[in-house]
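To keep things clear, I will list the structure first and then write my remarks on it.
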Amino acid sequence: MPRSHRRRRDDAGSSDDAFARLLSGWKRTETRRGVEWTVQPVSAAQAQKPYTCPGCGREVGVGTAHVVVWRADGVLGDAADLAARRHWHTACWRIG
Ligand SMILES: [Zn+2]
């Protein structure tokens, strides 16, 4: 028999789902100028909204593979760090 008292968290809201997906997806940690960052690649198929790249100030267009970057050191807490995540052109992050 399945356990009936297990509480499901995945119907709480879509933003939690997005965070969970980010946290569970493939990603790597990089250190820049003494700060640890979590870097997660976004495929062209996943890029469904335009963003402004902090590296060059230009748009990361829909359908452009890029990376999402947020602090990995937990200074603000995971949720706040994720909320402050930035979308970079892959090349701009690499040279930034
Ligand atoms: Zn850029």
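The values are calculated or read from the model by the stated rules, or taken from the named source; none is laboratory data. Since the model is a prediction, treat every value here as computed from it, not as a measurement. Note that each Cβ is placed from the backbone with ideal geometry, even for glycine, and that neighbours are counted across all protein chains shown. Heavy atoms of the whole protein, side chains included, go into the accessibility calculation; ligands, DNA and RNA do not. Shrake-Rupley method; radii C 1.70, N 1.55, O 1.52, S 1.80 Å.
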Sparse-neighbourhood loop hits (trypsin sites (Lys or Arg not before Pro), the stretch 47-92; DSSP loop; Cβ within 10 Å at most 10 others) -> Arg58
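For the full complex of protein chains and a 1.4 angstrom probe, list Leu82, Leu76 by accessible area with the highest value first. Don't skip to the end; give the middle numbers.
Values: Leu82 5, Leu76 110 Å².
Order by accessible area, largest first: Leu76, Leu82.
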Would you kindly derive the ³J(HN,Hα) couplings of the stretch 90-95 from the backbone phi angles with the Karplus curve 6.51 cos²θ - 1.76 cosθ + 1.60 (θ = phi - 60°), listing them in order in whole Hz, with x for Gly and Pro? 4, 5, 5, 5, 5, 8
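Could I get the Rg over Rh figure for the stretch 28-95? Both from C-alpha atoms, Rh via Kirkwood, rounded to two places.
Values: Rg = 11.8 Å, Rh = 12.2 Å.
Using only Cα positions, Rg/Rh for the stretch 28-95 is 0.97.
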Using the heavy atoms of the protein chains and a 1.4 angstrom probe, tell me the accessible area per residue for the stretch 28-95 in square angstrom. 60
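Ranked from the most accessible area to the least, with a 1.4 Å probe and all protein chains present, what is the order of Val68, Val75? Write down the numbers at each step before the final one.
Values: Val68 5, Val75 100 Å².
I get Val75, Val68, largest accessible area first.
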